[in-house]
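Some notes on the structure that comes next.
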Amino acid sequence: MTREEITTEILTIFRSEFEIEHPGLDDDLRETYEFDSVDAIELLIGIERFLKSELTHDEKKSAMGIRTINQIVDYVEGLVRVREGGAHA
């Protein structure tokens, strides 16, 4: 799975779940869009659906410091690599 595919899916989640049409990839989600902990949970659920795999407690915990879409894409890229057995996405 490419970074572009991941980015496209994350942007789709933002449009469908949060009604944010064109977020800046480096915008601080908390400051710019008032993204809160409930939104973060919804985002993690969307990521689980996208990956067709439940996130572990540690994987969810590692997402807590994420503030931008680019960081979300980095996070998902790492999850994909782990699920693909360490292969480079």
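Taking residues in region 19-36 that are closer than 15 Å to Ile72 by Cα, and partners anywhere that are among the charged types (D, E, K, R), the pairs with Cβ atoms closer than 7 Å and at least 6 places apart or on different chains are Asp28/Arg67; Leu29/Arg67; Arg30/Arg67. Just wondering, is there one or more residues in region 14-35 that are closer than 16 Å to Met1 by Cα, surrounded by fewer than 14 Cβ atoms within 10 Å (Cβ to Cβ) and modelled with pLDDT of 95 or more? No, there is no match, as no residue in region 14-35 is closer than 16 Å to Met1 by Cα, surrounded by fewer than 14 Cβ atoms within 10 Å (Cβ to Cβ) and modelled with pLDDT of 95 or more. Determine if region 50-65 includes at least one residue that is surrounded by fewer than 17 Cβ atoms within 10 Å (Cβ to Cβ), of a type outside the set (A, V, I, L, M), touching an Asp or Glu at 6+ places or on another chain (Cβ under 8 Å) and in contact (Cβ under 8 Å) with a residue 24 or more places away in the chain. Scanning region 50-65, I find no residue that is surrounded by fewer than 17 Cβ atoms within 10 Å (Cβ to Cβ), of a type outside the set (A, V, I, L, M), touching an Asp or Glu at 6+ places or on another chain (Cβ under 8 Å) and in contact (Cβ under 8 Å) with a residue 24 or more places away in the chain, so the answer is no.
Just one of the listed residues (Arg83, Arg67) is among the basic types (Lys, Arg) and at pLDDT 95 or above, and it is Arg67.
The values are calculated or read from the model by the stated rules, or taken from the named source; none is laboratory data. Quick caveat, the model's predicted, so the values are computed rather than measured. Glycine gets a Cβ as well: all are built from the backbone with ideal geometry, and neighbour counts include every protein chain shown.
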